[in-house]
Amino acid sequence: MKLFYIFILQILFCSLSLQAVATPNVNYTINNSWQFMRSNEIKTLADISSNSKNAEWVNIPHTWNDKDVIDEEEGYYRGMGWYIKEVSIPTSFKEKEVFLQFEGVNTLAEVYINGQLSGTHVGGYTRFVVPVSKFITFDDQQLTTTFKIVVKVDNSFNKNRPSLTADFTFFGGIYRDINLITKDKVHFNFEQDGSNGCFLTTPKVSVEKGELHLKAHIKNDASSKKKIKLISKIFDPKGKLIAEKISKINLVPQQNSTIDIDLDAVDQPQLWDTKTPHLYQVVCELWDAKTNTKVDEVVNPLGFRWFEFDVEKGFFLNGQSLKLIGTNRHQDYKGIGNALPDYLHVEDIRIMKEMGSNFLRIAHYPQDPYILEACDRLGILATVETPVINTVTENEQFDKNCLSAQLEMIRQSYNHPSLIIWAYMNEILLKPKYKKDPVRYKKYTDYIVQLANKLETLTREEDPFRYTMIPNHGGMETYRDAGLTEVPMIVGWNIYDGWYGREYDALEAKLIKFHEGVNKPFIITEYGAGADPRLHTLNPTRFDFTQEYATNYHQHYVKVIHKLPFVAGANVWNYADFSSEHRVDAVQSVNNKGLVGIDRKPKDVYYFYQAALLEKPFVGIAAKTWKRRTCIENQEGKSVMPVQVFSNQEQVELFINGKSCGKKKVEEKIAVFEVPFIHGINRLKAVTSTLEDYAEVRINILPQKLDTFPANGFSINLGDERFFYDDQIDQAWGIGKKYTEGSWGTIGGTPYVRPSKRKQHPYGTNHTIQGTYNDPVYQTQLVGIEKFRMDVPPGVYDVQLHFAELEGSSAKHLPYDLMEGEQVDKEQISRTFSVKINDQLILNRLDILTQFGEYKAIKYKAQIRVEEGQPLLIEFDKIIGEPVMNAIEIYKKI
Ligand code: GCB
């Protein structure tokens, strides 16, 4: 559409004479070539020129935090950024009204046109419109008129602006499109709250009939009365005009009018549902009755559907019971931050649909318009919410900002048939203030309930046809006793049993208790387990960040969600891994609970969901995500490892290198095969009665006896039961073993366990390690290691020792700690040790903490010549405390 307008504009430029001619309305982006300065030094427009040497050219969408969230330093720039651009428009636009429409600026925007403040907006996730015409002087002597736009953007913390805290990065910048729009003096009122001025409702829908109502806000900015025709046209899903209604309206000068009309009901409408999302279109046109010219046009999607939430029976769409299952979504991407090209928004929804999702929680804030448009087209039901998260500020300004965000969200997304729930306040009691002072705490929670009631009332007044929801967390009593579960129509609960706490077996009983306790329609708004795509294990354990544990966790949740009818819906946290700068997890600053990575590469669990949700036959081999492995040989020189195959068929057969591993019954969507991998390439094929899937896995089998040394060396992780796959350089790290006669391995030492009251981390720590992107290699270690011995053939060896001190003073917790105040009581450890290899002193009195500091990746390389009959022997001499080693690599050079 925009290209079309640009084309029209070009024609205009060519054919304009100096007399005013009637021009159609235009709407095109002005995203290119903005001058940008990130600086807190620039306080006013006057400071810009003295700082302009620091300016860079950027295109919108843009965020200034794309780089500083991927660097190693903690924290990111939260402050001011200035965007500057000169824009030329045809002088003929004088006859029109010119506007700028900002799709999303995080978080505060001040827009100056030709030096005058022409608009401000608080809130990073909704659209706003700024008038231009009254701030510019059209140059009648020229074909074009130029004006200057300066936008001040601020993403710093402000106690009056939600979100105050949250587990995601608040990327600053103009990160969605800027449109230049012209309108006739008479137009649908799109300035107010960023809506398009037309609101459609379907008050009653059945198989026989779909009723349709239109509320249109029309503005007459002219100084004279206007006679107007409003023509409302309905087009069926094939684009055929099926109804048209003309309403005559008299507009008073300089006023807004609201028109409420029933449009013709549609007989036997093609219903919108998640399998066949039949989309009608409603085109509303404004015609000047006197000149008989069209002055404005707005197109909206229309879907005929009805839905209902039942406390006991869950959700019904068009009278049919439907379990809502899908994911949540954040709006960022690897290396780009939140400034996504449109393709990625649409692609995300396509990937969700291909997984079998029928439900999306757009969390924790409204997202690019493409998201709901794609949900409408592809058939994914949605809930959207405003970012009032974790805590509130008790003052009027904070309330006002929450309410305006809610209002804008509703008005801007109102016509999407896929949208069924408006939500607000995520886990608002997660960071409660005044917990130790019961009287003050009560006052605080009363304030929150009052604010919730204001948001609820506003939402129900704006839209009596949809549901409302608040997503809570933790124990039911906290929210119920505060009075918060009373407020919305649906209660959402974020549940992490089996991840942050307890085991997932506790889930079913918990859900039943919650259901009985709150007696409202119920959605599991979040559940998820972190999985660093690079970590794998044969022994999945809670909080190990392996793909295998995540699969077990989700398999259990899906089973329970399907079993309990009162669970109307559930959203995995999260669709994709996302940026959370302050998060301390397996991957620095990334929340790893995605079903796909931050680069959208599927994890095993994505394929599991395809098996669990798709109705068409599906088979998928888990091994695809773990395509290079290092493991230890068994007696037959092979390495037998389980391989999961996900399917919705009854039975699967798996082949390795053409040989069958047998047939297996699929249970809860998974069949597990014990597969005898051989050294080198292994080709897997899974076969069901109608389908096949393939995977290729390269295995590096480490022999028990090293008569010949592996060509690509030894890369071994210590103190770990997880295999690490470095996907950047395709290096597979195996897990260590104890030395046995004639073989290789460690002597002495026990795996490091992070002191924690709840034993949260089965292996080592999840603290960020500096100086590497391979944190898991350094996050585990053997403590008290005495020797590492390898009975090797003679030759020259390169021995690489990896260390990190994990017992530093600043053992950190998740800033976003759902473990509720886990405390680590520990004393500063001191350790000094020396390392000899084959009697050669390699490291003298190594004290990692003093020499390098805590949580830093340290690597030493040494070359050793081993003579016939000699082993390769690394010895750790303890001087103070216990020696440690995190990982080891050995290569044979000669
Ligand atoms: C939650 C929050 C979400 C976090 C998530 C997590 O409950 O609502 O914002 O990212 O937990 O991963 O801890």
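The values are calculated or read from the model by the stated rules, or taken from the named source; none is laboratory data. Note that this is a predicted model, so its numbers are computed, not measured. Every residue, glycine as well, gets a Cβ built from its backbone with ideal geometry; the counts of neighbours run over all protein chains shown. We work out accessible area using only protein heavy atoms, side chains counted, and drop any ligands, DNA or RNA first. Shrake-Rupley method; radii C 1.70, N 1.55, O 1.52, S 1.80 Å.
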Of the trypsin sites (Lys or Arg not before Pro) in segment 204-270, which ones lie in a loop per DSSP and count no more than 15 other C-beta atoms within 10 Å?
Lys204, Lys225, Lys238, Lys240
Segment 333-377 to segment 537-590: how many Å between their Cα centroids?
19
Which value, in debye to the nearest 20, gives the size of the charge dipole of the chain about its Cα centre, when Lys and Arg are +1 and Asp and Glu are -1 at the Cβ?
880
Against the 2.2 N^0.38 Å rule of thumb, the C-alpha Rg of segment 193-299 sits at a ratio of 1.17
Send over a whole-number figure in Å² for the accessible area per residue of segment 323-615, probe 1.4 Å.
28
List the trypsin sites (Lys or Arg not before Pro) within segment 570-663 that DSSP assigns to loop and that have no more than 14 neighbouring Cβ atoms inside 10 Å.
none
Of Lys233/Lys290; Lys442/Lys559; Lys638/Lys664; Lys627/Lys669, pairs whose Cα-Cα distance is over 27 Å
Lys442/Lys559
Whole-Å semi-axes of the ellipsoid equivalent to segment 2-183 (Cα gyration tensor, √5λ, descending):
33, 16, 15
Long-range amide H partners of Gly172 with built H, under 5 Å:
Trp64, Asn65
Cleavage-rule hits, trypsin sites (Lys or Arg not before Pro), segment 113-170, DSSP coil, Cβ neighbours within 10 Å at most 15:
Lys159
Which aspartates and glutamates have a Cα lying under 15 Å from the Cα of Lys313, excluding residues fewer than 8 positions away in the same chain?
Glu516
Translational diffusion coefficient (Stokes-Einstein; Kirkwood radius from C-alpha pairs) of segment 323-615 at 25 °C, 0.890 mPa s, in µm²/s
127
In the structure shown, do any of Lys510/Lys601; Lys353/Lys593; Lys209/Lys294; Lys43/Lys219 have a Cα-Cα gap over 27 Å, and if so which?
Lys510/Lys601; Lys209/Lys294; Lys43/Lys219
Quickly work out the Ser257-to-Phe316 label distance, labels modelled 7 Å from Cα along the C-beta direction, and quote it in nm with one decimal.
4.2
Rg over Rh of segment 704-892, using C-alpha atoms and the Kirkwood radius, what does it come to?
0.98
Would you mind putting 55-61, 378-384 in packing order, based on average other-beta-carbon counts within 10 Å, highest first?
378-384, 55-61
Looking at the chain, do any whole DSSP H helices span at least 15 angstrom along their long axis by alpha carbon and average 1.0 or above on Kyte-Doolittle, and which?
2-15
Relative to the compact-globule scaling 2.2 N^0.38 Å, provide the ratio for the alpha-carbon radius of gyration of the chain.
1.07
Segment 704-892, relative contact order [Cα under 8 Å, separation at least 6], %
30
Whole-Hz ³J(HN,Hα) from phi, Karplus 6.51 cos²θ - 1.76 cosθ + 1.60, for segment 51-68, glycine and proline x
9, 5, 5, 8, 6, 10, 8, 9, 10, 8, x, 8, 10, 8, 10, 4, 8, 6
Relative compactness, segment 484-597, computed as alpha-carbon Rg over 2.2 N^0.38 Å
1.11
Step through the residues of segment 582-591 one at a time and calculate ³J(HN,Hα) from phi using the Karplus curve (6.51 cos²θ - 1.76 cosθ + 1.60, θ = phi - 60°), rounding each to whole Hz and writing x for Gly and Pro.
8, 6, 10, 9, 4, 9, 3, 6, 10, 8
What is the chain's relative contact order, in percent, from Cα pairs under 8 angstrom and six or more apart in sequence?
8
One finds the C-alpha centres of segment 435-459 and segment 245-289 to be spaced, in Å, by 40
Can you run phi through the Karplus equation (6.51, -1.76, 1.60; θ = phi - 60°) for segment 100-107 and list ³J(HN,Hα) in whole Hz, with x for Gly and Pro?
10, 10, 9, 7, x, 10, 9, 10
Cα-based reach from Lys893 at 23 Å (exclusive), listing lysines while leaving out same-chain residues under 8 positions away
Lys705, Lys787, Lys836, Lys859, Lys861
For segment 557-652, what relative contact order do you get, as a whole percent, if you take Cα pairs closer than 8 Å and at least 6 residues apart?
19
So what is Rg over Rh here for segment 616-702, counting just Cα atoms and using Kirkwood for Rh?
0.98
